[in-house]
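These notes are about the structure you will find just below.
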Amino acid sequence: MHESKDERECENHVGAVGAGADGIGLAHPGRLACHGRYVCKGGYPMMTKDGVVRFSFVLAFLGIGLFAAAGEPAGADPSGPLYKPDAAKAPAGEPADMSKPVKVFILLGQSNMVGMGKISGGEGSLENAVKEKKKYLYLVDEAGNWIERRDVRFVRYMQGRGMLNNEWMAVKSGTIGPEFGIGHVVGNAIDAPVMILKSCIGNRSLGWDLLPPGSERYQAEVTERNGQKVTKVFAGYKDRPDSWVMDEKKGTATEPPPWLDKNGKPIDWYAGKQYDDDTADAKKVLAELEKHYPGVTKCEVAGFFFWQGEKDCGNAVHAARYEQNLVRFIKQLRKDFNAPDAKFVMATLGESTKGSGGNGGMVLDAQLAVDGSSGKYSEFKGNVATVYAHPMAQGGSGNGHYGGKAEVYMDVGEAMGKAMVELLGGK
């Protein structure tokens, strides 16, 4: 399977700590090792000296309108019934109405959902975008300091690392994913406490690591490196390894051989393990709600955000299977979180263009196929949206983490948040 240099490096970080590593590395606090950790002195997030900063309605109004229009889903309307940039909301420095259930939005995916957008530095950084280009002004107060939203909680877990963030949403240091664009748009639109709950890790495919429960084995013909064509069985949920040679007489009932490491020990991984780990972490947060959103007693999983696909593009079989896996993924998430009405918003890979071929084209077509307004699944109408990210990618690619450009992560996040608000307003 082909993997980019970035993905291999991330896999190396995972391997350095063993199963359950986060692809980030804490050996050198203060230095970004990999995949978007908020790096601070001593390895812990640092609070601002001034604590809570008051929010400017003027800046919020100016900033919230800075959407990348080309990346909006068809029919997106920022004037919809729930899109209220400053109506019925406390200033961002004040708590939300804690008598209402917290609206939880779960973020899943791989490395770009984890986030590689630079916060500090020159061109391409978030600081540069805000201070020099005057974009995303809702992130700062009138003095230019990062604001802290006390109505939007940011919680982040990662496989094997446990809790990495549990705080009011505020820009700090290190790198960002799309969560700030998502969080501010959704937070401004909903008159209730909001939690942005991110549970993901880099270098994970939907066709293997994130394969949802209920997925069955299937067969496919592959061409080996020596040019020989072989029919293989591809793993269903909880199978291991990802594929093995099929016995023609047994078909997909062919049992896989033992999957061992170089020392002869069984490899502790299976199809769907990342799905199980990420959803288990999210469920832990919901089960310990007071710990993660002080003062609230009830919650509702209102939506899911998904940004993923790079690794599946490196495997022709997984790319061809992506649509079927994605449809099951959406349905299974709603079932596992007992949230049948939860909305689902995903973003495409920035390098993929409509009409393109190859593995990337197959993944893009699958992602567009589930869009509720222009796709082919009537059951997803009004509850699933796909954001076409290519116009916002600034020439970058998912495997290259968009060159670390924070604007890409912010623009995609805003567009995803806007799509979610439209779906919520369409009830």
Problem - Index of the failed condition, Pro340 passing every other in (1) in contact with a strand residue (DSSP E or B) (Cβ under 8 Å, 6 or more places away or on another chain); (2) free of Cβ contacts under 8 Å to residues at least 40 places away in the same chain - result: (1)
Practice task
Please find, among Gly124, Gly183, the residue that is modelled with pLDDT of 95 or more and either closer than 19 Å to Ala419 by Cβ or touching a Leu at 6+ places or on another chain (Cβ under 7 Å) (or both).
Solution key: Gly183
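This table checks each residue for (1) over 22 Å from Lys418 (Cβ atoms); (2) modelled with pLDDT of 95 or more; (3) touching a strand residue (DSSP E or B) at 6+ places or on another chain (Cβ under 8 Å).
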{"residue": "Lys89", "(1), (2), (3)": "no, no, yes"}
{"residue": "Glu94", "(1), (2), (3)": "yes, no, yes"}
{"residue": "Ser111", "(1), (2), (3)": "yes, yes, no"}
{"residue": "Glu148", "(1), (2), (3)": "yes, yes, yes"}
{"residue": "Met158", "(1), (2), (3)": "yes, yes, yes"}
{"residue": "Asn165", "(1), (2), (3)": "yes, yes, yes"}
{"residue": "Ala170", "(1), (2), (3)": "no, yes, yes"}
{"residue": "Pro178", "(1), (2), (3)": "no, yes, yes"}
{"residue": "Lys198", "(1), (2), (3)": "no, yes, yes"}
Problem - Considering residues of segment 300-316 that are of a type outside the set (D, E, K, R) and surrounded by fewer than 20 Cβ atoms within 10 Å (Cβ to Cβ) only, the residue farthest from Lys376 (Cα to Cα) - result: Gly314
Practice task
Tell me, yes or no, whether segment 214-221 has at least one residue that is touching a residue at least 40 places away in the same chain (Cβ under 8 Å), surrounded by 24 or more Cβ atoms within 10 Å (Cβ to Cβ) and in contact with a strand residue (DSSP E or B) (Cβ under 7 Å, 6 or more places away or on another chain).
Solution key: no
Exercise for the section: Output the qualifying pairs, or none if there are none: Cβ atoms under 7 angstrom, residues six or more apart or on different chains, first residue in segment 285-302 and touching a residue at least 12 places away in the same chain (Cβ under 8 Å) and in the same structural domain as Ala342 (by TED's automatic domain parsing), second residue assigned to a helix (DSSP H, G or I) and β-branched (Val, Ile, Thr). Expected result: His292/Val285
Exercise for the section: Tell me, please, whether a residue that is small (Gly, Ala, Ser), out of contact with any strand residue (DSSP E or B) (no Cβ under 8 Å at 6 or more places or on another chain) and surrounded by 16 or more Cβ atoms within 10 Å (Cβ to Cβ) can be found in segment 265-275. Expected result: yes
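The values are calculated or read from the model by the stated rules, or taken from the named source; none is laboratory data. Note that this is a predicted model, so its numbers are computed, not measured. Don't worry about glycine lacking a Cβ; one is built from the backbone with ideal geometry, like all the others, and counts go over all protein chains shown.
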